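Here is the structure we will look at.
The values are calculated or read from the model by the stated rules, or taken from the named source; none is laboratory data. Since the model is a prediction, treat every value here as computed from it, not as a measurement. When we count neighbours, we look across all protein chains shown, and the Cβ atoms used for this are built from the backbone with ideal geometry, even at glycine.
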Amino acid sequence: MPATNDSVLAYAGHLRSLPDADLVELLAARELREAGIKDFFDLADALLDPASVQAALSRLDRPTLAALAAGDGTPAAVHVGLATPDGVPAAVTRQLESWPSLGLPSPAELADEPAPTPLAPVSVVDARFTDTVAAERAFGTTTAVVELVAELQHESARQLARGGIALPDSKRLAAAMGVDNDDVPVHFEIASRAGLVALDSGRWMTTATSGAWLRDGWGDRWAVLAGAWLERLPHDIRAILGRSAHATWGERLDEFVTWLYPAGGSWMRDRVLTYSRDAELLGITAHQVPSTAGVALLTSGPSAAAAAMGAVFPAEIDKVYVQPDLSIVSPGPLRPALDSRLRGIADVEARGIASTYRVSTASVNRAMAAGETEESVRAFLAEISLTGIPQPLSYLLTEAAARYGLVRVGALEGDRSYVRSTDDTLLRTLVVDVRLASLGLTRAGDRLVSRFDRDLVFWSLAEARYPVAAEDAEREIVVLERPRAVRSAAASSDSTASLIERLRLGSAAETGDTDAAWLSRQLDVAIKGKLALTVTIRMPDGTDVDYQLEPASVGGGRLRARDRKADIERTLPLSSIVSVGPPN
């Protein structure tokens, strides 16, 4: 909408004076569409638009709203652009005054309406029951996320263009995690929030930090997930839950949220429900009652919470039973460092407090592709086994080691690659394998070639469970690191930086003078909105004189305006104008 009041001029000037860092925060808080915003006046128009103002007001708590209604711009209001150090824009005041017609509290009611009844405290007996239930849920969720990360290390998952995980991948992950298919997105959200998985080129992949997390103790693993929940918790919700750390979260919390955020509506309630849902899954609460670890998290931070939750988790063990049927049974939670390495050698069949793993030719091939050898696998299993290495497993290790590298992948010029093998039947199988169709493997003499690079072809073959090894130009086997997703907000940051650059330039690209462009735009807005201005003129003797003018037009390097005080029309050279501002 076009600027129609003098507050836009002052507000645009305030925006122009902000450092870039403050502008980035303001733009992020208001979530504006950048289309059509060419300069600070366009930005001021967008921010003072009634719909935009109402959306921003709905995110503020009652004390901040009451202060705004009284004309006091608190830091929270300034942060989201609803106030300036000089006061509250008229557009914000008008929107607050219209609230009764929208069924919302009036400015007077914002300050006078008392808070609802405090939340009910938790008894000592209830706390013990709560901690037991919370520990079970926390361990179950942490286990599910471990399985999610481990499975994505073996094979990434495709994100659909319309959102959500592709159904085959979702089913695969649900089976690995031991959860319902509908629960997979929730665990993805928890893992993504903790920086363990990320979306990269349409595929969900593990990040560089996930490997270290898998080697952490169970309590520390949980602390990373719970700490990320706390860190990403919006400040407003954190304040609510922090005040309610020793009380029951339920209907009274919902009443309190409604009172504290009178314009938040379902948006705020849904946010609280989302985070309280994850709090239940992570054992921060149980049946809407904060656990001892949850209270420690909200009041003292993740380290204190990890100690509290670790004390009620099942004890870790360091020995397993290796059986003749190629299964490995862990009678309790295996120490994470051992579990992480064992996963590289065997597949998880059943997961819980007691877990079952199974060694196969494919799993041993995978381990060798990651750098293990027959000798290192034998030594590791002998170290953790209470039953030694049964003969069937010994035979399998020897056979898998002999077959490893039967398929070799190397690099060609132009980021292409080749696949070779001494088994011609295996090469023909690769060509017709529908899982590898996207690689475009074609026959070229005694080998196959692909237009894709070596690493991509190698990992595609590895995920398809072929005995593949990567080799260098001398045909020596090399160990490749699995691609990791890089968590980055670069695209968003680049977009914001581009907008700020555009705002700083304004129409200076045409005039070559930023200050002249700013003055021209101020006068243009005043003329279109028929606004009065204080125009400061530099006189020939060097003194400055203020005129109260209503600009009419600009042309030929001169401003034509009505002098309100003298009731005459003046024509002034633009080169003599020092500044313009709101009327005195």
Restricted to region 363-402 and to residues being aliphatic (A, V, I, L, M) and without any contact (Cβ under 8 Å) to a residue 12 or more places away in the chain, the residue farthest from Arg341 (Cα to Cα) is Ala402
By residue number, the members of region 64-93 that are without any contact (Cβ under 8 Å) to a residue 40 or more places away in the chain and closer than 20 Å to Ala51 by Cβ are Thr64, Leu68, Ala77, Leu82, Ala83, Val88, Thr93
From the option list Ala120, Ala111, single residue qualifying as more than 29 Å from the chain's Cα centre (by Cα) and at pLDDT below 80 is Ala120
Scanning region 523-569 residue by residue, those touching a residue at least 40 places away in the same chain (Cβ under 8 Å) and part of a strand (DSSP E or B) turn out to be Leu533, Thr534, Val535, Thr536, Ile537, Arg538
Given (1) more than 39 Å from the chain's Cα centre (by Cα); (2) of a type in the set (Ser, Thr, Tyr); (3) not in a helix (DSSP H, G or I), Thr425 misses just (3)
Flagged in region 430-445 as over 10 Å from Tyr418 (Cα atoms) and in contact with a strand residue (DSSP E or B) (Cβ under 7 Å, 6 or more places away or on another chain), in numbering order, are Leu430, Val431, Leu439, Gly440
Note on region 67-110: residues of a type in the set (Gly, Ala, Ser) and in a helix (DSSP H, G or I) are Ala67, Ala69, Ala76, Ala77, Ala90, Ala91, Ser101, Ala108
Expected output for region 343-354 (first residue more than 14 Å from Trp218 (Cα to Cα), partner among the aromatic types (Phe, Trp, Tyr) and surrounded by 17 or more Cβ atoms within 10 Å (Cβ to Cβ), Cβ below 7 Å, 6+ apart or cross-chain) is Ala346/Tyr357; Asp347/Tyr357; Val348/Tyr357; Glu349/Tyr357
Just one listed residue, out of Arg30, Arg16, Arg59, is under 25 Å from Leu110 (Cα atoms), among the basic types (Lys, Arg) and either assigned by TED's automatic domain parsing to the domain that holds Ile527 or at pLDDT below 85 (or both), and it is Arg30
Restrict the check to region 458-467 and report whether at least one residue is at pLDDT 90 or above, farther than 30 Å from Thr209 by Cβ and within 41 Å of the chain's Cα centre (by Cα).
no
Thr207 vs (1) free of Cβ contacts under 8 Å to residues at least 24 places away in the same chain; (2) of a type in the set (S, T, N, Q); (3) crowded, with 17+ Cβ neighbours inside 10 Å: all pass except (1)
Scanning region 570-584 residue by residue, those assigned to a strand (DSSP E or B), under 26 Å from His14 (Cβ atoms) and not aliphatic (A, V, I, L, M) turn out to be Ser579, Gly581
By residue number, the members of region 428-454 that are in a loop (DSSP other than H, G, I, E, B) and of a type in the set (Gly, Ala, Ser) are Gly440, Gly445
Residue count, region 138-187, condition among the polar types (S, T, N, Q) and within 24 Å of Leu338 (Cα to Cα), comes to 5
Residues of region 321-348 being of a type in the set (Val, Ile, Thr) and within 38 Å of the chain's Cα centre (by Cα), in sequence order, are Ile328, Val329, Ile345, Val348
Per the filter on region 554-570, residues surrounded by 12 or more Cβ atoms within 10 Å (Cβ to Cβ) and either at positive phi or not acidic (Asp, Glu) (or both) are Val554, Arg558, Leu559, Arg560, Ala561, Arg562, Arg564, Arg570
Considering region 150-173, residues that are of a type in the set (A, V, I, L, M) and crowded, with 21+ Cβ neighbours inside 10 Å, and then whichever is farthest from Ala306 (Cα to Cα), we arrive at Ala157
Quick count over region 216-235, residues being more than 13 Å from Ala306 (Cβ to Cβ), crowded, with 16+ Cβ neighbours inside 10 Å and of a type outside the set (A, V, I, L, M, F, W, C), is 0
